[in-house]
Amino acid sequence: MKYSKYSVVIIGSGAAGLYLAHRIATQKHLNDGVLVVTKSALNVSSSELAQGGIVAVLPEINKGDSISSHISDTIKAGCGLNDFNAVKHISQSSSCVIQDLINLGVKFDKTRDGKLSFALEAAHSIPRILHVKDATGRAIENVLIQKVRENDIIDIYEDTSAIELLVDDSNCAKGVIVYNRDADSYEAVYSNAVVIATGGIGQLYAHTTNPSVATGDGIALAYRAGAKVKNMEFVQFHPSALAVSNKTTMPLVSEAVRGAGAKLCDTKGNYFAKDFDTRGELAPRDIVARAIYTTMLKYGDDHVYLDISQMGIEYFRNRFPNIAKSCEDNGVDVSDGLIPVAPAAHYFMGGIETNIHAQTSIANLYAIGECACSGFHGANRLASNSLLECVVSAFELADLLSQKNLDAPKNFDEKVKTTLEKYVQDTEGICELEDVDIDDIKNKIKDIMWEGAGIIRSKSKLLEAKKKLGELDSVINSASCAHINECYEVKNMLVVSSLIVDCALKRESSIGAHFREDFNAAGDKEPAAGTTVNSNCGGVENGEVFTE
Ligand code: FAD
Ligand code: SIN
């Protein structure tokens with residue numbers, strides 16, 4: 001096994017991880033440098049796929065907008081389960097980070113008179129979304145990747161997965177074990193600042209807009225190490241993924257397309273969105289996703305249509321060139337004016353519990369971006385608030401870290417040494433997966449989660465999911481595959497899936513993205529701050545939910 005030491009180790013190369021790497025490396029002299037570890041290539045992330053844009057609260061130039069209006073929209077979407085201070089802080093920080101992104105070279109679209117162009121998305125009371133056509137995430141990632149690559153003090157490990165955190169007996173992170181696929185070897189990376197920025201969990205579901213890397217690894221790692229996780233029942237389903245079968249990742253048809261006037265119709269040609277909510281196509285995501293799902297079930301269809309004819313096909317092609325291309329690449333002729341769409345798992349509001357400084361319940365372990373739960377989103381996320389949260393939390397964490405002594409640790413207690421020993425031994429002979437078909441198990445997890453913990457949940461569906469996940473867990477645990485990378489991923493999927501199911505069972509009400517057909521209304525006593533789970537605890541206490 002190899003050993004290395006860094007001032008800061010960042011797990012994940014989405015907007016959150018890369019922006020942090022850039023900020024901390026340019027803000028402070030670091031004796032031991034920065035390491036970015038990423039599971040695939042640097043540009044494989046949800047951030048890269050983000051289409052609609054990023055919220056920018058800029059009242060000075062966007063007349064009619066205000067911090068209070070954005071706070072109010074965010075809390076309405078989150079059904080009041082948001083942490084008010086987190087919302088206020090992120091909203092207030094918006095202008096500073098947006099200006100920094102512009103200074104770094106992100107070229108947001110402008111109007112003909114050279115002013116920033118603000119788009120409207122669902123549940124925003126005013127147009128406030130900055131975008132780069134329909135590929136905003138890629139534009140941000142491209143700039144950040146360039147900055148990170150050209151900085152000598154940042155090392156990058158691609159095709160390398162974080163597989164276990166090193167946490168000592170005093171609940172303090174000391175580093176992380178990573179596995180490099182090409183070299184087929186483990187490395188212990190020592191650091192006094194371990195940052196999880198591993199993104200979401202969409203790949204736990206059969207239908208998702210998320211890339212293949214979004215298997216909830218960071219959340220599982222943190223949970224196993226004893227960190228608190230929070231709001232695990234809240235999974236956002238995007239209403240309109242392109243309905244193409246057999247894709248690991250379904251291409252997204254951005255909400256901005258509905259924002260620009262596209263209408264939803266069923267396969268019989270009926271426009272149905274207003275039957276479910278007076279706001280129609282621009283109602284909050286959970287409502288539109290359920291409306292589409294219910295309509296699909298009614299007719300036994302696997303899609304409905306987005307009718308883009310009213311906005312004009314040429315306008316559509318020009319405003320949404322990447323979406324038009326992905327339709328055409330998938331055999332959908334947009335000149336017909338009808339795009340087949342279906343809901344898909346898209347975003348995770350739950351995750352590793354943090355405060356607004358990205359600190360977790362383990363000292364020197366931080367979480368930023370989608371894997372974190374700072375309380376910003378509550379029970380549901382407002383469109384385009386995620387990229388904003390990624391960059392604000394990274395910005396904030398860079399400030400916090402720059403005030404600390406970041407020299408790498410030198411001394412380790414017995415607990416850390418015992419963890420290390422497992423990997424020293426295993427490098428002698430990494431075992432083969434002879435007796436389990438990992439891909440088959442992954443597919444089973446995805447089907448179980450889609451059926452049992454999906455858009456419309458119930459006690460019986462969740463209990464069935466729990467039982468089936470338990471059976472898969474036994475299969476995996478009895479297999480001789482303790483330490484290879486593939487096995488860690490599927491184990492992570494099982495850990496996070498089980499947490500989602502347990503928390504969804506415990507929340508006996510419908511609120512935000514969590515919809516129980518057997519409790520079709522918000523509970524009388526919704527816990528004000530959501531649900532918190534910790535692997536060391538059990539039971540339910542003061543509105544906080546713990547695993548058994
Ligand atoms: P990601 O960008 O997902 O990056 C996670 C990184 O962690 C990846 O590099 C991954 O390889 C790495 N990783 C994972 N596990 C490991 C491991 N074990 N070891 C090492 N590395 C690991 N939000 C908006 O605000 N606006 C939008 O317009 C928008 N559009 C979206 C469109 C799509 C199709 C999708 C999927 C999401 C969209 N979102 C949007 C949500 C938003 O893009 C994400 O929430 C956000 O980009 C997450 O950023 P992140 O840095 O936290 O994680
Ligand atoms: C979209 O463009 O519809 C996605 C925006 C988001 O997830 O915030």
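Points worth noting:
- Looking across I75, I54, one residue alone is near ligand 1 (Cβ under 9 Å from one of its atoms), out of contact with any His (no Cβ under 7 Å at 6 or more places or on another chain) and not hydroxyl-bearing (S, T, Y). It is I54.
- Residues of segment 87-129 satisfying the condition of being small (G, A, S), assigned to a helix (DSSP H, G or I) and within 21 Å of P284 (Cα to Cα): S91
- Pairs, first under 19 Å from Y366 (Cβ atoms) in segment 142-170, second basic (K, R) and not in a helix (DSSP H, G or I), C-beta under 6 Å, six or more apart: S161/K39; L166/K174; D168/K174
- Subset of segment 274-302 (residues that are farther than 19 Å from A243 by Cβ and of a type in the set (G, A, S)): G280, A283
- Inside segment 381-399, residues that are in a helix (DSSP H, G or I) and within 11 Å of ligand 1 (Cβ to nearest atom) make up a count of 9.
- Within segment 357-376, if we keep just the residues that are more than 18 Å from T136 (Cα to Cα) and open to solvent by 10 Å² or more (accessible area, probe 1.4 Å), the residue that is nearest to ligand 1 (Cβ to nearest atom) turns out to be S374.
- Residues in segment 336-351 that are more than 16 Å from ligand 2 (Cβ to nearest atom) and either modelled with pLDDT under 95 or among the aromatic types (F, W, Y) (or both): D336 only.
- Residues that are in contact with a Leu (Cβ under 7 Å, 6 or more places away or on another chain), charged (D, E, K, R) and either within 12 Å of ligand 1 (Cβ to nearest atom) or open to solvent by less than 40 Å² (accessible area, probe 1.4 Å) (or both) are absent from segment 129-139 altogether.
- Of the residues in segment 408-429, none is of a type outside the set (F, W, Y) and within 15 Å of ligand 1 (Cβ to nearest atom).
- Residues of segment 180-206 that turn out to be more than 13 Å from E164 (Cα to Cα), away from ligand 1 (no atom under 12 Å from the Cβ) and not hydroxyl-bearing (S, T, Y), as a count: 7
- Inter-residue pairs, beta-carbon under 8 Å, first farther than 14 Å from Q310 by Cβ and in segment 320-340, second of a type in the set (S, T, Y), 6+ apart: F320/S254; I323/S254; P340/Y305
- Tabulated pairs, segment 41-53, first within 17 Å of L101 (Cα to Cα), second within 16 Å of ligand 2 (Cβ to nearest atom) and of a type in the set (D, E), C-beta under 6 angstrom, 6+ apart or interchain: S47/E141; E48/E141; Q51/D134; G52/E121; G52/E255
- If the condition is being more than 7 Å from ligand 1 (Cβ to nearest atom) and not aliphatic (A, V, I, L, M), then segment 21-47 contributes H22, R23, T26, Q27, K28, H29, N31, D32, G33, N43.
- All helices (runs of 4 or more DSSP H) inside segment 212-290 with 2 or more residues being open to solvent by less than 10 Å² (accessible area, probe 1.4 Å) and in contact with a Phe, Trp or Tyr (Cβ under 8 Å, 6 or more places away or on another chain): 255-259
- Among residues of segment 457-479, those that are closer than 15 Å to S497 by Cα and not in a helix (DSSP H, G or I), counted: 1
- Segment 199-208, residues that are open to solvent by less than 10 Å² (accessible area, probe 1.4 Å) and under 11 Å from the mean Cα position of the chain (by Cα): G200, I201, G202, Q203
- The residues of segment 51-81 that are among the hydroxyl-bearing types (S, T, Y) and assigned to a helix (DSSP H, G or I), listed by number, are S68, S69, S72, T74.
The values are calculated or read from the model by the stated rules, or taken from the named source; none is laboratory data. Bear in mind that the values here come from a model prediction, so they are computed numbers and not experimental data. When we count neighbours, we look across all protein chains shown, and the Cβ atoms used for this are built from the backbone with ideal geometry, even at glycine. Surface areas here come from the heavy atoms of the whole protein model, side chains and all, with no ligands, DNA or RNA. Shrake-Rupley method; radii C 1.70, N 1.55, O 1.52, S 1.80 Å.
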